[in-house]
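A short worksheet on the structure shown next.
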Protein chains: 2
Amino acid sequence: MSEQNRRIPRATIRRIPLYYRAIEQLQRQGVQRVRSDRLSEIIHIPSATIRRDFSHFGELGKSGYGYSVSRLAAAFGALLEVESAEHIAIIGVGGLGRALIVNNFRRNPDLTIVVAFDIDPAKVGQSIAGVPVYAFTELAQRLPPGVHTAIMAVPSAAQAAVVPVLENAGVTAIMTFAPLPVQCRPTTTIRYIDLTSELQSLLFTARQREAQVAKVD
Amino acid sequence: MSEQNRRIPRATIRRIPLYYRAIEQLQRQGVQRVRSDRLSEIIHIPSATIRRDFSHFGELGKSGYGYSVSRLAAAFGALLEVESAEHIAIIGVGGLGRALIVNNFRRNPDLTIVVAFDIDPAKVGQSIAGVPVYAFTELAQRLPPGVHTAIMAVPSAAQAAVVPVLENAGVTAIMTFAPLPVQCRPTTTIRYIDLTSELQSLLFTARQREAQVAKVD
């Protein structure tokens, strides 16, 4: 099997966190084996998708008899583990950026926003929940060594200008809330969180479901 | 082909907004045809995934010659269109809820947050960017008629208690920022936006890519 084929598909990786939390819940309840159809009921993902996703993880138990909850937990946990404490920079401290800093991924103690940047002189020099806000123009000097991850909470129009500055400072992983695809180096990984689109596709799915229910009636 | 098979897979639906915006950009630039490999460079989705996704939309042009940009725009636009103005309720006006209200999906004028609810007496009675905040206990009386969509920006522990209240008031589509899967009626559609998990899987993808680059070197 080629190296390419052995890579886990990106769509599968996106679902792993949801699987992991459901499996953790089952483990806490003392459940030892779980079938894909039961898991499908819990997390609202088709059981065929679950079986296909799990097939990338080798021996996890037979689908018909149920997957081993402990093996699933170990496989997904290893994949999601942040190996060392991950320090994160945030660009843009408007309402969303500020909310992210205050929340600061408290569910995962290994993920910590340690520094923020903004272009607004009124915000520079502030400290939000202990996180200092520096001028974006000083990013190269102010970004602490070892920070390779950034979250962009800037207007869409600003995004294209921010990315190269981050890349030049050594950032390789970027999560952004601006929807427009942006040019980046091949070595940079960008994850787009587009809340407007998420809501639109939620509404599409809900309408599709309503149409089906109407047909059955 | 059965009704089941003709449904568009949920993973495809999730990617449509990203496709749509890239296609809109190309259309503005006067591009008439686009091949999947070119689109793949723009939006960082494998071209095989793009071709598979597009296959659900019928005649869009031959893959080898490029897809018709105008047909793609029409197909995706029709799918994403919010047919009438969609009025949305938001539950929880902490930092994130407040940021969402202030932003209020300004990119799509058909999506409007019209009302907010919270359990904190200090917040009830406020108006945020013109959106009134009511007591969550009054939701049944205060939810305007025609609102079937809600966004939950509440702590994870509160989520399970909020969902049935929303369902009893006629809400059928829910977007939530709490990560734990929650019980709901079969007629309710829930979309989970889990920022911690998104960041974790971004880091996983970035590390996987770094490992590949290291291997090539």
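Here are a few things to note about the model shown:
- Peptide A:104-116 has a mean shielding of 2, counted as Cβ atoms of other protein chains within 10 Å of each residue's Cβ.
- Set of region A:32-76 residues, backbone N closer than 16 Å to the point 7 Å along the Cα-Cβ line of residue B:208: A:50, A:52-58, A:75-76
- Cα-derived Rg to Rh of the protein assembly as shown, Kirkwood definition: 0.95
- Remark: label point of residue B:208 defined 7 Å out from Cα along the Cα-Cβ vector; separations to the same position in other copies 2.3 nm, ascending.
- Between A and B, roughly 6500 Å² of accessible area is buried in total, ligands, DNA and RNA not counted and the probe set to 1.4 Å.
- Summarising the label geometry, the points placed 7 Å from Cα in the beta-carbon direction at residue A:180 and residue B:108 lie 1.9 nm from one another.
- Gained length - residue A:161 relative to residue A:129, 0.36 nm times residue gap less alpha-carbon distance: 8.8 nm
- Radius 14 Å from Cβ of residue A:196, net charge of other residues (Lys, Arg +1; Asp, Glu -1): -1
- Cα-based shape type of chain B, given that a ≥ b ≥ c are square roots of the gyration tensor eigenvalues and the cut on a/c is 1.5: prolate
- Computed over chain A: relative contact order in percent, which uses C-alpha pairs under 8 Å that are six or more apart: 13 percent
- Judged by the mean number of other Cβ atoms found within 10 Å, the most tightly packed of the peptides B:111-118, B:39-46 leads the ranking B:111-118, B:39-46.
- From phi via Karplus (6.51, -1.76, 1.60), per-residue ³J(HN,Hα) for region B:180-196 in Hz, x at Gly/Pro: 6, x, 10, 5, 8, 5, x, 8, 9, 10, 10, 10, 8, 10, 10, 5, 4
- Cα-based shape type of region B:86-196, given that a ≥ b ≥ c are square roots of the gyration tensor eigenvalues and the cut on a/c is 1.5: rounded
- Chain A - mean residue ellipticity at 222 nm from DSSP helices (-39,500 (n - 2.57) per run, n ≥ 4, rounded to 500): -14000 deg cm²/dmol
- Average beta-carbon neighbours from other chains, 10 Å sphere, peptide A:185-193: 5
- Label-to-label distances for residue B:168 across copies, nearest first, come out at 5.8 nm, using points 7 Å from Cα in the beta-carbon direction.
- Peptides B:25-31, A:176-182 ordered by average Cβ neighbours within 10 Å, highest first: A:176-182, B:25-31
- Nearest-10 value in Å² for the accessible area of residue B:79, using the 1.4 Å probe: 10 Å²
- For region A:10-80: rounded, prolate or oblate by the Cα gyration tensor [a/c cutoff 1.5]: rounded
- Proximal charge balance of residue A:131 [Cβ under 14 Å; K/R count +1, D/E count -1]: +3
- Cβ neighbours within 10 Å from other chains - mean over B:88-99: 3
- Per-pair calculated FRET efficiency, R0 = 30 Å: residue A:48 and residue A:187 via Cβ, rounded to 0.05: 0.30
The values are calculated or read from the model by the stated rules, or taken from the named source; none is laboratory data. The structure presented is a predicted model; accordingly, all values stated were derived computationally and were not measured. Every residue, glycine among them, receives a Cβ derived from its backbone with ideal geometry; neighbour counts consider all protein chains shown. Heads up: the accessible areas ignore ligands, DNA and RNA and are worked out on the full protein's heavy atoms, side chains in. Shrake-Rupley method; radii C 1.70, N 1.55, O 1.52, S 1.80 Å.
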